[in-house]
Amino acid sequence: MASFQFEYQRLKNDKELSPVYHHILSEARIATDNAYAPYSDFKVAAAVLLENGEVVIGVNIENASYPVGICAERSALASAISQYPDEKIVAIAISILAPSGENSTPAFPCGMCRQFIAECEDRNEEMITLILSGQTGEVLIFNSSKDLLPFSFGGQDLNP
């Protein structure tokens, strides 16, 4: 039987992060306050680090017609690509603020966001580091979205 394996880092807290990753995670944590989540009260923010050092923020924006909303990851990535189309995306930090208030549990990108990040990696021709954390507590670091979505669909699948 075939299997899939990957490695990731599990840090006790943000103090173990490099200064650059600590900075973008802090930006994501702060930005959760900007999320528009009147229905779920589950606030998510993402901070995208570009190769030129710029950081672009995105938040989740809910809509009464649920499919019309957008996740923080896609919001941030779309903004980054729109503003800096020629810059490579190095990393994305994602933080949540759950309805219960501050929390220490990381949330993972939904399937649609995993696919979106995978396409950004294909566009980059390089992996994008994912940094996941709540407002406090442990931090998970993945080398690539493809660690979370091993059989992603890509441009190569359109012309088999």
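So which of Pro38, Pro67 ends up being part of a loop (DSSP other than H, G, I, E, B) and not hydroxyl-bearing (Ser, Thr, Tyr)?
After applying the criteria, what remains is Pro38.
Go through region 121-134 and report how many residues are in a loop (DSSP other than H, G, I, E, B), of a type outside the set (A, V, I, L, M, F, W, C) and either in contact with a Phe, Trp or Tyr (Cβ under 8 Å, 6 or more places away or on another chain) or surrounded by 19 or more Cβ atoms within 10 Å (Cβ to Cβ) (or both).
Taking region 121-134 first, the residues in a loop (DSSP other than H, G, I, E, B) are 125-128, 134.
Subset that is of a type outside the set (A, V, I, L, M, F, W, C): 125-126, 134.
Cutting the leftovers down to either in contact with a Phe, Trp or Tyr (Cβ under 8 Å, 6 or more places away or on another chain) or surrounded by 19 or more Cβ atoms within 10 Å (Cβ to Cβ) (or both) gives us 134.
The total comes to 1.
For region 7-48, what are the residues that are polar (S, T, N, Q) and either modelled with pLDDT of 95 or more or under 26 Å from Lys146 (Cβ atoms) (or both)?
Listed by number, the residues that qualify are Gln9, Asn13, Ser18, Ser26, Thr32, Asn34.
I'd like to verify a number: residues in region 63-91 that are among the acidic types (Asp, Glu) and either under 21 Å from Leu17 (Cα atoms) or out of contact with any strand residue (DSSP E or B) (no Cβ under 6 Å at 6 or more places or on another chain) (or both), how many? I'd like the intermediate steps shown before the answer.
Step one: list which residues in region 63-91 are among the acidic types (Asp, Glu), which gives 73, 86-87.
Next, only the ones that are either under 21 Å from Leu17 (Cα atoms) or out of contact with any strand residue (DSSP E or B) (no Cβ under 6 Å at 6 or more places or on another chain) (or both) stay: 73, 86.
The number of residues fulfilling the criteria is 2.
So which residues in region 36-68 are of a type in the set (S, T, N, Q) and either surrounded by fewer than 22 Cβ atoms within 10 Å (Cβ to Cβ) or more than 17 Å from Cys110 (Cα to Cα) (or both), if there are any at all? Walk me through it before giving the result.
First, pick out the residues of region 36-68 that are of a type in the set (S, T, N, Q): 40, 52, 60, 63, 65.
Of everything in region 36-68, those that are of a type in the set (S, T, N, Q) and either surrounded by fewer than 22 Cβ atoms within 10 Å (Cβ to Cβ) or more than 17 Å from Cys110 (Cα to Cα) (or both) turn out to be Ser40, Asn52, Asn63, Ser65.
Answer yes or no as to whether Ser82 is over 16 Å from the mean Cα position of the chain (by Cα) and not in a loop (DSSP other than H, G, I, E, B). Before you say what the answer is, go through the steps one by one.
On the way: over 16 Å from the mean Cα position of the chain (by Cα): yes; not in a loop (DSSP other than H, G, I, E, B): yes.
Here the answer is yes, as Ser82 does meet what is asked.
Within region 67-100, which residues are touching a Ser or Thr at 6+ places or on another chain (Cβ under 6 Å) and at pLDDT 95 or above? Walk me through it before giving the result.
Initially, region 67-100 is screened for residues touching a Ser or Thr at 6+ places or on another chain (Cβ under 6 Å), giving 91, 95, 97.
Ala91, Ser95, listed by residue number.
Out of the residues in region 43-61 meeting the condition of being in a loop (DSSP other than H, G, I, E, B) and in contact with a strand residue (DSSP E or B) (Cβ under 6 Å, 6 or more places away or on another chain), tell me which one is farthest from Leu132 (Cα to Cα). Full working, then the answer.
Here is the first cut: in region 43-61, the residues in a loop (DSSP other than H, G, I, E, B) are 51-54, 60.
If we keep only those that are in contact with a strand residue (DSSP E or B) (Cβ under 6 Å, 6 or more places away or on another chain) as well, we get 51, 60.
Numbers: Glu51: 20, Asn60: 15 Å.
Looking at residues that are in a loop (DSSP other than H, G, I, E, B) and in contact with a strand residue (DSSP E or B) (Cβ under 6 Å, 6 or more places away or on another chain), I get Glu51.
The values are calculated or read from the model by the stated rules, or taken from the named source; none is laboratory data. Here the structure is a predicted model, which means the values were calculated and not measured. Backbone-built Cβ (ideal geometry, glycine too); neighbour counts: all protein chains shown.
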